[in-house]
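The values are calculated or read from the model by the stated rules, or taken from the named source; none is laboratory data. No experiment lies behind these values; they were computed from the predicted model shown. Don't worry about glycine lacking a Cβ; one is built from the backbone with ideal geometry, like all the others, and counts go over all protein chains shown.
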């Protein structure tokens with residue numbers, strides 16, 4: 001991945017991580033429907049209907065993609081033979097990939113550092129501090145005489161801050177569209193969510209300041225809070241495994257299968273889905289440790305632990321179902 005030189009960034013980026021995840025999932029659904037056979041289609045349509053009902057944005061984005069696909073080739077959806085399905089899938093992937101490229105924030109593609117799906121990147125900053133960038137994330141850096149600033153464009157970043165040895169003792173800050181987080185010590189993470197930012201502190205303290213100069217809050221080690229431009233939520237205890245991804249692992253304790261699948265999908269191209277119409281699977285829970293950077297190994301461990309069957313419908317879609 002090319003890394004651009006450090007530069008000044010005067011404009012904050014608009015956060016689109018959740019929206020991009022919806023677009024990727026909608027694209028996957030559309031491609032599966034175009035490429036499936038008659039036997040697979042009823043189950044796919046049932047699962048798609050359930051996904052569309054969970055959020056109004058799901059339906060809106062999916063319908064936008066359907067319209068775009070129809071404008072590419074109105075006859076593709078009627079193709080029945082294998083060769084035409086293969087061509088249709090290729091055209092759909094090309095068109096939808098181009099659409100996704102245009103819809104992703106331009107700031108993501110221009111960021112100083114960014115990670116792809118399943119990638120975790122550690123960089124050493126000019127002052128000796130370190131930043132670890134989670135999957136599907138992007139940051140910009142601004143280091144000058146006035147301060148040390150990370151601009152979080154998308155996703156999540158974990159910082160390990162070193163004292164500044166310059167004469168001005170520059171502060172270390174992470175900026176997001178919702179405000180800023182100032183280091184009063186060493187290790188903390190910042191993650192962009194749909195309409196707010198989440199902060200978790202591992203060591204020492206941080207000061208959280210909303211963008212519109214609302215009352216700031218100080219968080220101590222072991223605490224987390226969320227903030228938007230107007231306010232900061234009350235500090236609460238952070239999950240003991242909140243920083244598991246920084247050690248290349250995903251830790252689950254009595255987690256519902258749906259939660260495990262949702263997190264695995266953050267690190268995996270395509271999509272894992274629990275086969276619809278199976279309440280028994282929805283009730284299963286998982287305790288264990290899965291590798292963060294090897295989604296295939298993680299899937300195999302999950303399947304073996306819960307006695308599941310992973311059925312690969314296409315390279316981009318895998319069903320989890322009962323073995324019987």
Checklist entry - Within the stretch 92-103, can one find any residue that is at pLDDT 80 or above, touching a helix residue (DSSP H, G or I) at 6+ places or on another chain (Cβ under 8 Å) and either crowded, with 19+ Cβ neighbours inside 10 Å or not assigned by TED's automatic domain parsing to the domain that holds residue 273 (or both)? => result no
Checklist entry - Out of the residues in the stretch 315-324 that are surrounded by fewer than 17 Cβ atoms within 10 Å (Cβ to Cβ) and at pLDDT below 85, which is nearest to residue 264 (Cα to Cα)? => result 315
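Looking for whichever is surrounded by fewer than 19 Cβ atoms within 10 Å (Cβ to Cβ), assigned to a loop (DSSP other than H, G, I, E, B) and in contact with a strand residue (DSSP E or B) (Cβ under 6 Å, 6 or more places away or on another chain) here; the options are 185, 118. Which one fits?
None of the others qualify; the one that does is 185.
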Next on the checklist: Taking the criterion of being out of contact with any strand residue (DSSP E or B) (no Cβ under 9 Å at 6 or more places or on another chain) and on the phi < 0 side of the Ramachandran plot, would at least one residue in the stretch 242-261 satisfy it?
Outcome noted: yes
Next on the checklist: Is it the case, given these coordinates, that residue 146 is at positive phi and in a loop (DSSP other than H, G, I, E, B)?
Outcome noted: no
Checklist outcome for this item: Filtering the stretch 152-170 down to residues that are assigned to a strand (DSSP E or B) and either under 12 Å from residue 197 (Cα atoms) or in contact with a helix residue (DSSP H, G or I) (Cβ under 9 Å, 6 or more places away or on another chain) (or both) yields 152, 153, 154, 156, 157, 158
Checklist entry - Just for helices (runs of 4 or more DSSP H) wholly inside the stretch 240-308: which have at least 2 residues that are over 18 Å from the mean Cα position of the chain (by Cα)? => result 279-282, 295-306
Next on the checklist: Checking the conditions here, which among 207, 130, 173, 191 is buried (at least 21 other Cβ atoms within 10 Å of the Cβ), at pLDDT 95 or above and out of contact with any helix residue (DSSP H, G or I) (no Cβ under 8 Å at 6 or more places or on another chain)?
Outcome noted: 191
